[in-house]
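Working notes, structure below.
The values are calculated or read from the model by the stated rules, or taken from the named source; none is laboratory data. This structure is a prediction, so every number in the text was calculated from the model and none was measured. Cβ placement follows ideal geometry from the backbone for every residue including glycine, while neighbour counts extend to all protein chains displayed. Heads up: the accessible areas ignore ligands, DNA and RNA and are worked out on the full protein's heavy atoms, side chains in. Shrake-Rupley method; radii C 1.70, N 1.55, O 1.52, S 1.80 Å.
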Amino acid sequence: MKIMCAFGTRPEAIKMCPLIKKMKEYPQIETVVCLTSQHEEMLQQVVDIFQLRVDHNLHVMKPLQTLTSITVDILCGMKPVLEQEKPDIVLVHGDTTTSFAVALAAFYEQIPVGHVEAGLRTYDKYAPYPEEMNRNLTGRIAELHFAPTELNRKNLNRENIFDHVYVTGNTVIDALQTTVKPNYHYKDRKLMSIQLDGKRLMLVTAHRRENLGRPLKDICEAILEITKKYMDIEVIYPMHLNPRVRETVEPMLGRNPRIHLIDPVDVEDMHNLMARSYLILTDSGGIQEEAPAFGIPVIVLRNETERQEAVDAGTVILAGTEKRKIVQIVEELIRDRDKYQAMSRAVNPYGDGHASERIVSALLEYFKGKV
Ligand code: UD1
Ligand code: UDP
């Protein structure tokens, strides 16, 4: 049974690597890895940590790439790879343009697609943009759907997708088991040099397309205000390599001695940094799922979320991107110890770290007698 895993960005890689590792334990499965490299450096960091053997690499990344260029380059690049490898199934992950374009390329070759992290929805076409439509379209193409939670399964059912839907948990929780270590020492030099001196660490990330421009400026203003009001807060912001993120963040936050702007750190450094944080402010999807596993409250810098189960469980608060609202929510958590503790102790809804096993079992069951 030949399974191709195709992905191209940092979060897809972090969530696909534990699954690939698991598949390699089964002699009846041949795994082929194809990177689109929609991301380059940020993807390579993950490939290095998980010591992943790569079979194909499309190298599509361009500075200031457009959704159109990514889609077209992946469609053209995947065709010869699929023709050569002829996999029994192609696994894609999540909602990036890589996920959708690879699924479409596989469909054109009449190769079944398995969708890992299926069924997340906001029901707002433009939020997050273009991810909501990417995952909808990928879901339409896919034959097998690996839904992290029961809520995700219900979302798929609502779209009349009932067959081959498996509730598995999220593979990101599997990843944490290999990256988080006690007495961990950071590898990143800049991270290593930051002295917190007993101060509380507020970790920040923001990169979403719909937050670029004004919303990101508001987020930066909120961060400045929080550091001004609370002298014992120190901020670390590993900045996405997108120049459009940096052109806003660097001039606004770069001169404050208690705000540390650093390059993206590798996933081991990141997970261990998260574990040592007091609070996390982010518009990232993956971080909303990981942080609760460490008991760290997350303030989501978005107006909607496809991770409603985290809001319901009380592990994240949806703040939006307005300065006043962000500052108000952070202040409440700083002042109200009980509220902080309640968030910190809430149970993570994303699984038990065995999602990869469940996905492999479902694949074996699906292909029984077929290949
Ligand atoms: C992409 C995904 C988004 C995901 C995010 C994870 C789409 C449309 N968006 O958004 O869903 O949340 O990845 O981070 O699929 N760049 C580099 N080096 C890198 C990575 C990016 O220089 O390793 C720069 C390039 O200039 C690139 C730009 O960042 O053009 C934007 O990258 P792109 O993949 O288009 O968008 P993201 O915001 O990263
Ligand atoms: N991450 C990382 N290094 C960083 C910032 C984030 O390894 O400097 C990890 C983070 O822990 C999570 C993933 O990257 O696992 C989230 O990726 P991102 O925020 O880029 O994408 P999203 O999840 O929003 O699609």
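Between residue 79 and residue 2, how many nm apart are label points set 7 Å from Cα along the C-beta direction? Using points 7 Å along Cα→Cβ, the separation is 1.9 nm. As a ratio to 2.2 N^0.38 Å, the alpha-carbon radius of gyration computed for segment 12-133 takes the value 1.05.
For the chain, the solvent-accessible area of protein heavy atoms averages 42 Å² per residue (probe radius 1.4 Å; ligands and nucleic acids excluded).
Over all pairs of different C-alpha atoms in segment 17-64, the reciprocal of the mean inverse distance, the Kirkwood hydrodynamic radius, equals 11.8 Å.
Any idea what % of Cα-Cα pairs in segment 81-233 are farther than 19 Å? Of all Cα-Cα distances in segment 81-233, 67 percent exceed 19 Å. For segment 139-223, chymotrypsin sites (Phe, Trp or Tyr not before Pro) meeting the loop criterion (DSSP other than H, G, I, E, B) and having at most 11 other Cβ atoms within 10 Å: 162.
Looking at segment 178-255, which trypsin sites (Lys or Arg not before Pro) are DSSP coil and have at most 13 other C-beta atoms within 10 Å of their C-beta?
Values: sites: 187, 189, 190, 199, 200, 208, 209, 217, 228, 229, 244, 246, 255; in loops: 187, 199, 208, 255.
Sites meeting the loop and neighbour criteria: 187, 255.
Residue separation of residue 150 and residue 241 scaled by 0.36 nm, minus their Cα-Cα distance, works out to 29.3 nm of gained length. For segment 222-264, the residues whose backbone nitrogen is under 15 Å from a point 7 Å from the Cα of residue 197, taken along Cα to Cβ, are 231-235, 257-260. Across all Cα atoms of segment 191-338, the radius of gyration (one decimal) and Dmax (whole number) stand at 14.0, 40 Å. Rounded to two decimals, the Cα-based Rg/Rh of the chain, with Kirkwood Rh, is 0.96. Computed over protein heavy atoms with a 1.4 Å probe, the carbon and sulfur contribution to the accessible area of the chain reaches 51%. Using a cut-off of 23 Å between Cα atoms, the listed pairs 228/325; 21/86; 15/181; 22/370; 229/339 include none that exceed that distance. Residues of segment 288-304 with the amide nitrogen closer than 15 Å to a label point 7 Å from the Cα of residue 322, along Cα-to-Cβ, please. Output list for this probe position: 301-304. For segment 10-26, 3J(HN,Hα) computed residue by residue from phi via the Karplus equation (6.51, -1.76, 1.60; θ = phi - 60°) reads 3, x, 4, 5, 4, 8, 8, 4, x, 5, 4, 4, 5, 4, 5, 6, 9 Hz, glycine and proline entered as x. Quote the FRET efficiency, to the nearest 0.05, computed for residue 51 versus residue 331 with a Förster distance R0 of 35 Å and r equal to the Cβ-Cβ distance. Here the calculated transfer efficiency is 0.20. Between residue 339 and residue 180, what is the FRET efficiency for a Förster distance of 30 Å, r being their Cβ-Cβ separation, to the nearest 0.05? The computed FRET efficiency comes out at 0.70. A Förster distance of 30 Å, applied to the separation of the beta-carbon atoms of residue 59 and residue 189, puts the FRET efficiency at 0.60. In order along segment 186-196, the Karplus-derived 3J(HN,Hα) couplings, from 6.51 cos²θ - 1.76 cosθ + 1.60 at θ = phi - 60°, round to 4, 8, 5, 4, 5, 4, 4, 7, 6, 9, 8 Hz, and Gly and Pro are given as x.
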